[in-house]
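The values are calculated or read from the model by the stated rules, or taken from the named source; none is laboratory data. Because the structure is predicted, anything quoted here is derived from the model rather than measured. Positions of Cβ are backbone-derived with ideal geometry, glycine not excepted, and every protein chain shown enters the neighbour counts. With ligands, DNA and RNA removed, areas are computed over all heavy atoms of the protein, side chains included. Shrake-Rupley method; radii C 1.70, N 1.55, O 1.52, S 1.80 Å.
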Amino acid sequence: PTPTSTLAPATMCMYVTNSTNTVIRAESDGSGGVNMGALGGTLGGPWGVALDEANGHMYVVSRSNSTIVRANLSDAGGVNLGNLDGNLVTPYGIALDLAGGAMYVADADNRVVRANLDGSDGVNLGNLGGTACSTCNRATP
């Protein structure tokens, strides 16, 4: 899998997932890299990552396991939130609605899944009228 990353504006740290089933935390200039490991052994093909800096959490898509993992930003422990009530097939991306207490996960099956930040109440929102992922991973002319 291709590495994905996100930047934590408050700390200026970036979090990068890689194909060796780990997350790496580093300064925004690339220095000070720390391998956070597999977040307690919960990762399999990590793909997307989203941050909740206010609560000190990261959410990582574990593509091979079809699950979401929540971990602390400061250490390597992780909690497997499961497959959002059976709705994930092959998840690729994740976005958080912190004000609404929800996560939205893009799935390879051309769907979007919404769930609470604790992984409960997963709902398949479908393909959003045929528009979800219609251009995912495609270069635009």
Exercise. Name every residue in the stretch 45-71 that is at pLDDT 85 or above, assigned to a loop (DSSP other than H, G, I, E, B) and surrounded by 16 or more Cβ atoms within 10 Å (Cβ to Cβ), in order of residue number.
Key: 63, 65, 66
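Of the residues 32, 37, which is part of a loop (DSSP other than H, G, I, E, B), touching a residue at least 12 places away in the same chain (Cβ under 8 Å) and not hydrophobic (A, V, I, L, M, F, W, C)?
When all the criteria are applied, what remains is 37.
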Practice problem: Would you be able to tell me the number of residues in the stretch 39-75 that are under 17 Å from residue 5 (Cβ atoms) and of a type in the set (Val, Ile, Thr)? | Solution: 4
Quiz item: Could you give every pair whose Cβ atoms fall below 9 Å, whose first residue belongs to the stretch 45-60 and is at positive phi, and whose second residue is of a type in the set (A, V, I, L, M) and surrounded by 20 or more Cβ atoms within 10 Å (Cβ to Cβ), counting only separations of at least 6 or pairs across chains?
Solution: 45/61
Quiz item: Quick one: is residue 39 in contact with a strand residue (DSSP E or B) (Cβ under 9 Å, 6 or more places away or on another chain) and either open to solvent by 40 Å² or more (accessible area, probe 1.4 Å) or over 21 Å from residue 108 (Cβ atoms) (or both)?
Solution: yes
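One line per residue, one yes/no per condition, for (1) under 18 Å from residue 120 (Cα atoms); (2) at pLDDT 85 or above; (3) open to solvent by 30 Å² or more (accessible area, probe 1.4 Å):
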position: 3; (1), (2), (3): no, no, yes
position: 25; (1), (2), (3): no, yes, yes
position: 31; (1), (2), (3): no, yes, yes
position: 43; (1), (2), (3): no, no, no
position: 73; (1), (2), (3): no, yes, no
position: 102; (1), (2), (3): yes, yes, no
Quiz item: What is the residue count in the stretch 104-119 for residues that are modelled with pLDDT of 90 or more, open to solvent by less than 40 Å² (accessible area, probe 1.4 Å) and either out of contact with any Pro (no Cβ under 6 Å at 6 or more places or on another chain) or not β-branched (Val, Ile, Thr) (or both)?
Solution: 6
